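Some notes on the structure that comes next.
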Amino acid sequence: MPKAPTQQPKSSLSEKLKKASAESKAKKEQSKKKGDSKKEKKKSGSKVEKKSKSTKKKKTSLPAKEKSTTKKPRPVVYTKVEMRLCDKDNPITVDQAKKLLGWEVESENIKFGSDYLLKDLEDNKVRCLNNTTNRPMTSSNYKTLMSEILHRNWCMNGEPIIIGQTGNVLNGQHTLVALVLAAQEWEARAGTWKEYWKVEPILEKIVVTGISEDDKVVNTIDTPKLRTLTDVIFRSAYFAKHSWGDRNKMAKMTDHAIKFLWDRTSAYKDAYAPKRTHAESLDFLDRHPKLLEVIAHIFEENDNGKIGRFCSPGYSAGLLYLMAATEDELQTDEGTGYADAAHPSEKQLSLAYYDKACEFFVLLAGDNAAMEPVVEAIATVVNEGHGFAERIGTLVLAWEKFVHGKKIKVEHLALSFETEKDEDTGETWEVLADIPIVGGIDTGGAAAAE
């Protein structure tokens with residue numbers, strides 16, 4: 001993380017602010033004088049001008065049956081509130097989703113120009129005639145949901161699609177669009193998705209119809225606080241045997257470990273998983289079950305914050321997992337590497353250095369003499385105002401020596417920095433010139449790719 005930018009002397013900043021304020025005030029006064037002058041010049045002829053305009057308007061005014069530009073109100077199609085359960089025996093199909101949305105594709109006869117809602121995967125311009133009063137359409141939202149549907153992470157959860165009295169989609173626009181696009185993706189690349197869908201994707205949902213489209217009603221939709229991944233993991237059976245307090249801590253650690261590994265293994269580059277949703281995170285955890293054992297190990301060693309003083313326990317767990325995979329291959333010519341798989345998992349990993357990585361953190365937590373240079377180096381990082389990335393980098397450099405049975409020395413842990421400068425303010429700060437990586441499946445993440 002970049003070091004906090006150096007601040008300008010207060011006196012210099014104060015003088016600049018005073019000067020800018022004085023200039024702004026002078027401009028306003030000058031503008032006001034000009035405005036007053038113009039008003040005085042126009043004052044005498046203003047009444048005549050208004051009268052002339054008024055007379056002109058009367059001459060060209062339309063008859064009483066002037067055309068109105070107000071849109072005709074949509075007819076009511078649902079006269080009462082009803083609920084339909086669309087379960088596995090009667091799911092929402094792609095055709096039904098299109099009908100609910102009022103899906104209309106640009107044709108040779110009807111051109112949309114710039115007046116359309118989105119482009120589908122075939123690059124067709126699309127309007128949704130029943131989506132006229134919903135919130136703005138966000139592509140990242142429906143692409144994320146499309147990925148959830150394609151990976152079959154979507155489940156019946158009781159959240160409804162809400163349709164208004166006139167057929168307007170009040171809630172669920174992104175979900176319905178996602179189903180249509182998921183079907184297009186499935187048809188175009190069925191081989192990629194046959195593991196999940198042997199037939200065209202469908203959606204299990206509750207559909208509620210006949211809700212008032214009054215703003216007062218619609219604005220109450222989607223107001224509760226969203227669940228965090230920590231909340232989701234806490235409610236799961238992963239750490240059910242632990243006490244409430246420990247369970248909450250371990251859930252938060254798991255959340256952070258997944259976040260760290262998602263970045264460092266470049267899972268974020270998956271075109272079909274543009275955002276790390278809760279379902280994607282849990283799927284990642286299911287594909288890397290050893291991570292739960294790592295969490296338990298770090299949690300135990302972190303008694304009284306013995307590991308947290310060096311790095312947060314969640315990120316430490318993620319780092320330990322990367323260390324365990326030090327010798328595993330990211331990609332191979334034969335296509336057997338971790339990143340070669342459509343859905344990378346522990347099936348491509350040996351995690352041969354797991355015990356060695358556990359030992360590294362045991363010695364670190366226990367203030368073992370072999371780790372004194374690490375303690376000293378991280379203390380320096382902290383004192384110089386650096387953050388998370390620099391702490392991780394220091395631990396990685398220490399691991400490079402430790403894994404090969406070499407003695408760790410302070411000089412081995414020197415990080416490389418470069419200076420960045422704000423051209424407007426002249427402020428400077430230091431950032432890591434190189435991101436130390438463990439090797440194996442560690443790519444260094446987004447920061448290393450910049």
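Residues in segment 317-346 that are outside any loop (DSSP other than H, G, I, E, B) and without any contact (Cβ under 8 Å) to a residue 60 or more places away in the chain: LEU320, ALA324, ASP340, GLU346. Only helices (runs of 4 or more DSSP H) whose full extent lies in segment 244-309 are considered here, and the ones with at least 1 residues that are modelled with pLDDT under 95 and either over 22 Å from TYR338 (Cβ atoms) or in contact with a Lys or Arg (Cβ under 8 Å, 6 or more places away or on another chain) (or both) are 244-264, 278-287. Looking across segment 285-297, just one residue is over 16 Å from ALA325 (Cα atoms) and within 22 Å of the chain's Cα centre (by Cα), and that is ASP286. Against the conditions (1) in contact with a Ser or Thr (Cβ under 6 Å, 6 or more places away or on another chain); (2) surrounded by fewer than 13 Cβ atoms within 10 Å (Cβ to Cβ), GLY426 satisfies every one except (1). Restricted to segment 429-450, and to residues there that are outside any loop (DSSP other than H, G, I, E, B) and more than 20 Å from THR380 (Cβ to Cβ), the residue that is modelled with the highest pLDDT is GLY445. Quick test for you: out of ASP123, ASP89, ASP95, ASP115, pick the one residue that is at positive phi and not in a strand (DSSP E or B). On inspection, the qualifying residue turns out to be ASP123.
Considering only residues that are without any contact (Cβ under 8 Å) to a residue 24 or more places away in the chain and loosely packed, with under 14 Cβ neighbours inside 10 Å, which ones fall in segment 120-133?
From segment 120-133, those without any contact (Cβ under 8 Å) to a residue 24 or more places away in the chain are 123-126; that's our starting set.
Passing the criteria: only ASP123.
Just one of the listed residues (GLU390, GLU376) is of a type in the set (D, E, K, R), assigned to a helix (DSSP H, G or I) and over 33 Å from the mean Cα position of the chain (by Cα), namely GLU376. Reported count of residues in segment 382-416, each being more than 22 Å from LYS356 (Cβ to Cβ) and surrounded by 17 or more Cβ atoms within 10 Å (Cβ to Cβ), is 4. The criterion of at least 2 residues that are buried (at least 20 other Cβ atoms within 10 Å of the Cβ) is met by the following helices (runs of 4 or more DSSP H) wholly inside segment 173-240: 173-188, 229-235.
Examine segment 154-165 for a residue that is modelled with pLDDT of 95 or more and in a loop (DSSP other than H, G, I, E, B), and state whether such a residue exists. There is at least one residue in segment 154-165 that is modelled with pLDDT of 95 or more and in a loop (DSSP other than H, G, I, E, B).
Which members of segment 233-243 meet the condition of being at pLDDT below 90 and among the hydroxyl-bearing types (Ser, Thr, Tyr)? SER236, SER243 - these are the residues of segment 233-243 that are at pLDDT below 90 and among the hydroxyl-bearing types (Ser, Thr, Tyr). Taken together, the criteria place THR425 among residues that are assigned to a loop (DSSP other than H, G, I, E, B) and of a type in the set (S, T, N, Q). Going by the structure shown, is ALA317 surrounded by 14 or more Cβ atoms within 10 Å (Cβ to Cβ) and either modelled with pLDDT of 95 or more or not assigned by TED's automatic domain parsing to the domain that holds MET250 (or both)? Taking the combined requirement at face value, the residue satisfies it. A search for C-beta distances below 7 Å between a residue of segment 282-311 that is within 24 Å of ARG391 (Cα to Cα) and any residue that is among the aromatic types (Phe, Trp, Tyr) and assigned to a loop (DSSP other than H, G, I, E, B), counting only pairs 6+ apart in sequence or on different chains, returns LEU292/TYR238.
Name the residue, out of VAL207, VAL217, VAL199, that is hydrophobic (A, V, I, L, M, F, W, C), free of Cβ contacts under 8 Å to residues at least 12 places away in the same chain and within 30 Å of LEU282 (Cβ to Cβ).
VAL199
The single residue among ASP422, ASP434 that is over 30 Å from SER345 (Cβ atoms) and in the same structural domain as ASN304 (by TED's automatic domain parsing) turns out to be ASP422. Listed conditions (1) under 27 Å from ALA296 (Cβ atoms); (2) modelled with pLDDT of 95 or more are all met by PRO344, apart from (2).
The values are calculated or read from the model by the stated rules, or taken from the named source; none is laboratory data. Please read all numbers here as calculations on a predicted model, not as lab measurements. Cβ: placed from backbone, ideal geometry, glycine included. Neighbour counts: every protein chain shown.
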